[in-house]
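*Asks:* Dropping a structure here in structure tokens format, bear with me for questions.
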Amino acid sequence: QVQLVESGGGLVQAGGSLRLSCAPSGRTVSTYAMGWFRQAPGKEREFVGYIRWSGGGTYYADSVKGRFTISRDNAKNTVYLQMNSLKPEDTAVYYCAASYRYDSYYYTKTGGYGSWGQGTQVTVSS
């Protein structure tokens, strides 16, 4: 398993942007995909998007499609979540996660990920 550390959260006004980073450490040989999830108060953890570590293919939830972009830097061993046109509904704790499964069926589900970061708070004000 890998250890994950998120950074880049903060307070922004509606329409603004934030870029979150996730830096894995430890062995990443068995990591096939990195996912982003979020959890708002009183709600279950929600899928945001994922990127395949090898190849870089991405997939996003409908709620963020066209506004959020996931990218990776293999040399820096880091993944990013670029969030644009932020809305108050985006307010949540954002988590990155590492999946050790090959089948993308599991990438949209919390159960498909074996390692999780500590989360970083994103607050969007109106």
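*Asks:* Among all the lysines, which ones have a C-alpha under 24 Å from LYS87's C-alpha, if same-chain residues fewer than 8 places away are not counted?
*Replies:* Those lysines meeting the cut-off are LYS43, LYS65, LYS109.
*Asks:* Leaving out ligands and nucleic acids, note down the accessible area per residue over the chain with a 1.4 angstrom probe, in whole Å².
*Replies:* Per residue, the chain has an accessible area of 51 Å².
*Asks:* Next up: Would segment 24-65 count as rounded, prolate or oblate if I go by the C-alpha gyration tensor, calling it rounded below 1.5 in a/c and otherwise prolate when a/b exceeds b/c, oblate otherwise?
*Replies:* Since a/c reaches 1.5 but b/c is at least a/b, the shape of segment 24-65 is classed as oblate.
*Asks:* Separate question: Where q = 0.11, 0.12, 0.14 Å⁻¹, what log10 of I(q)/I(0) comes from the Debye formula for the chain, counting one point per Cα?
*Replies:* Each listed q maps to, in turn, -0.32, -0.39, -0.53.
The values are calculated or read from the model by the stated rules, or taken from the named source; none is laboratory data. Please read all numbers here as calculations on a predicted model, not as lab measurements. For the accessible areas, the whole protein counts, side chains as well, though only heavy atoms, and no ligand, DNA or RNA atoms are used. Shrake-Rupley method; radii C 1.70, N 1.55, O 1.52, S 1.80 Å.
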